[in-house]
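Okay, structure first, notes after.
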Amino acid sequence: MTETKDLSWDDSVLPFQLERSGMRGRVARLGPVLEHILSRHDYPVAVSAMVAELTTLTALIGQTIKLRWKLSLQVRGNGAIRTIATDYYAPETEGGPARMRAWASFDPDRLHEGVTGFDQLGQGYFAVLIDQGEGTTPYQGLTPLAGGSLAACAQAYFEQSEQLPTRFELTVGRSRMPGQAEEHWRAGGIMLQTLPAASHAAPEGEALQSADILQGAQSEDWNRATMLMATVEAMELVDSALPLPNLVFRLFHEEEPTAFAVQPLVFGCSCNADRVRDTLSIYSAKDIAHMTNGDGIVTADCQFCGAHYEFDPQSLGFEATMDAEGNLLPQAGAKESRAAL
């Protein structure tokens, strides 16, 4: 691997493989994309940190899957932090960027300082949703919130649902980079995973663990590689001056690492006015009337990017009398003509 100082390694995911132990991995670093996601909302620090952690996991996992359209990670609990949701949209062209977005809902009156964000989720579940687009059936996998971190939940999901031993090392936080006057959110993470193998069953009444799946030399390879991964330092994961290939080689040079093409990441939201209209198309005129505010308009706000939309209620629902441009629809004109007769 060669030094690549001229490239920016922020907002990118680098896939790699360890030839000696037959394992695959991903290393991700998030900077401006993460700051853009979090700047759209006024989250407390604990909530922002949880969104940053789930976003980093989404970047790592999304690049692992042969995805045609969208991967979503969702966390839902009964605590002060109620929901965290992230989306990863596959690149539209070969070599193009993947798009990411995220948001969270929480009860500010129940948040406590000095308590970790994970502990303020309460009881709930960690969900992985894969939508491969039109003509396919969406997939959903769930695992309980447990283990003390979202990374532990993701590891449990892969071990129990996919029977793929997986480990993550993540770091998130605010920092001031050289030449910057303000602190900005940054995150980094590394993922290591065994290649798919024969299925195994957990002991009766117990959750499936790595030890139930790996045996013999494969278990030794896994233990050695994960021990090497655990030596990574937080600053190495977020340091924009450290090329990702160099980080991989620094950690795994004994495992004969091979790096592949880097995947760039950008902020991207799929919301638009037409999508909102489609969502509201199932409602009657009476339902739309209940959504209309005192100014005579229907409003909608995107939870992900904060975009604000305003609509004429007559242009919404399956009984709409006007189109999006305010023109009278043909069926509405026919109704008025019959009424005049």
**Complete:** Within the stretch 292-317, residues being buried (at least 17 other Cβ atoms within 10 Å of the Cβ) and closer than 16 Å to Ile37 by Cα number 4
**Message:** Among the listed residues Pro245, Pro264, identify the single one that is at pLDDT 85 or above, open to solvent by less than 80 Å² (accessible area, probe 1.4 Å) and assigned to a helix (DSSP H, G or I).
**Reply:** Pro245
**Prompt:** For the stretch 116-128, how many residues meet the condition of being surrounded by fewer than 18 Cβ atoms within 10 Å (Cβ to Cβ) and under 14 Å from Ala154 (Cβ atoms)?
**Reply:** 2
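Residue-wise test of (1) in a loop (DSSP other than H, G, I, E, B); (2) open to solvent by 10 Å² or more (accessible area, probe 1.4 Å); (3) out of contact with any Ser or Thr (no Cβ under 8 Å at 6 or more places or on another chain).
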position	(1), (2), (3)
Leu14	no, no, yes
Gly25	no, no, yes
Ala28	no, no, no
Leu34	no, no, no
Gln63	no, yes, yes
Lys66	yes, yes, yes
Leu73	no, no, no
Gly95	yes, yes, yes
**Request:** May I ask you to verify whether Val276 is among the hydrophobic types (A, V, I, L, M, F, W, C), surrounded by 13 or more Cβ atoms within 10 Å (Cβ to Cβ), under 30 Å from His308 (Cα atoms) and modelled with pLDDT under 95?
**Result:** yes
**Message:** Looking at the structure I just gave you, is Asp109 in contact with a Pro (Cβ under 7 Å, 6 or more places away or on another chain) and either over 23 Å from Arg29 (Cα atoms) or not acidic (Asp, Glu) (or both)?
**Reply:** no
**Item:** Filtered residues of the stretch 143-168 (kept if open to solvent by 60 Å² or more (accessible area, probe 1.4 Å) and either at pLDDT 95 or above or basic (Lys, Arg) (or both))
**Value:** Pro144, Gly147, Arg167
**Prompt:** Which condition breaks for Asp131 when tested against (1) open to solvent by less than 50 Å² (accessible area, probe 1.4 Å); (2) of a type in the set (D, E, K, R); (3) at pLDDT 95 or above?
**Reply:** (3)
**Asked** Going by the conditions given, is Val51 at pLDDT 95 or above and assigned to a helix (DSSP H, G or I)?
**Response** yes
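The values are calculated or read from the model by the stated rules, or taken from the named source; none is laboratory data. Predicted model only: the values in this text are computed from it and were never measured. No Cβ is skipped: glycine too gets one built from the backbone with ideal geometry, and neighbour counts run over all protein chains shown. Heads up: the accessible areas ignore ligands, DNA and RNA and are worked out on the full protein's heavy atoms, side chains in. Shrake-Rupley method; radii C 1.70, N 1.55, O 1.52, S 1.80 Å.
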